[in-house]
Amino acid sequence: METTSRVGAQAPAAEGGQQFSSARRTVDGYLQASFPWYGLDEAFTGPRWLMQVATAADGAVEHGSTGHGDEPSVRGETGSAGEPREKFAVVVTVAAQPSRRSADGTGLLEATSVSSAAWLAGVGLLSFTWPGQMDHSLRDDWLEQQTETAWALADDLEGPEWSTLSLPVDGVAASFYYRESEFGWVLAGTTEAGVHLGAYGRGMSAYGLGFAVVKDVAAYA
């Protein structure tokens, strides 16, 4: 799979639903990016919030996420009738990068692709997932196994686990790869603005979403 490698593609870990107190980042990191950030378009009128950005060894911003709706916690925390309380959608923006040398000149970083966005979205969803019947001591093993599964799925976007979904990006219909699981949904596609898009969520249908360039990222803060 053409991607930046999993060293630079790490989603924030969730533990007990408290991850946002430490993982929330200021707007500064977003403003340092050389590419446009994406979020849900103006049809979404709910809360918006920043998550975090990931940077390369040389400090260049590689990808980041913006949140919409309720700030999510682990899936084990459910509301009435066993349904998750939160309704959220997270948009992952990944800089479209060709294969390039690492900052120290000793290696070669692989190109980013739609698969990169799909994997980041898949792992992002996992970070807010923890089957309620699972013992706490087993979570790390479970998360490692599910992360490898997300990697394999992202590497096979033409496989049977994925369908296609047409959604607007900056007002123009675009094709996305889409899959659902018991934990929520994941989608991934690309734009004409030099970035790949991933998204994940639960409690909000992906079918009614639209994406647009974030005009003022400070509004998310």
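Laid out as a table, the results:
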| read-out | value |
| --- | --- |
| Computed E for ASP58/LEU31 - FRET, C-beta separation, R0 22 angstrom, nearest 0.05 | 0.80 |
| ARG179, ARG48, ARG202, ranked by accessible area, largest first (probe 1.4 Å) | ARG48, ARG179, ARG202 |
| Rounded to the nearest 10 Å², the accessible area of GLU161 at probe 1.4 Å | 120 Å² |
| Accessible surface ranking that places the most exposed of THR147, THR55 first, with a 1.4 angstrom probe | THR55, THR147 |
| Carbon/sulfur fraction of accessible area - region 140-221, other protein chains in place, 1.4 Å, % | 49 percent |
| Modelled FRET efficiency - R0 35 Å, LYS215 with SER137, Cβ distances, 0.05 increments | 0.15 |
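The values are calculated or read from the model by the stated rules, or taken from the named source; none is laboratory data. Because the structure is predicted, anything quoted here is derived from the model rather than measured. All Cβ positions, glycine included, derive from the backbone under ideal geometry; neighbour counts span all protein chains shown. The area values use the complete protein model at the heavy-atom level, side chains included, leaving out ligands, DNA and RNA. Shrake-Rupley method; radii C 1.70, N 1.55, O 1.52, S 1.80 Å.
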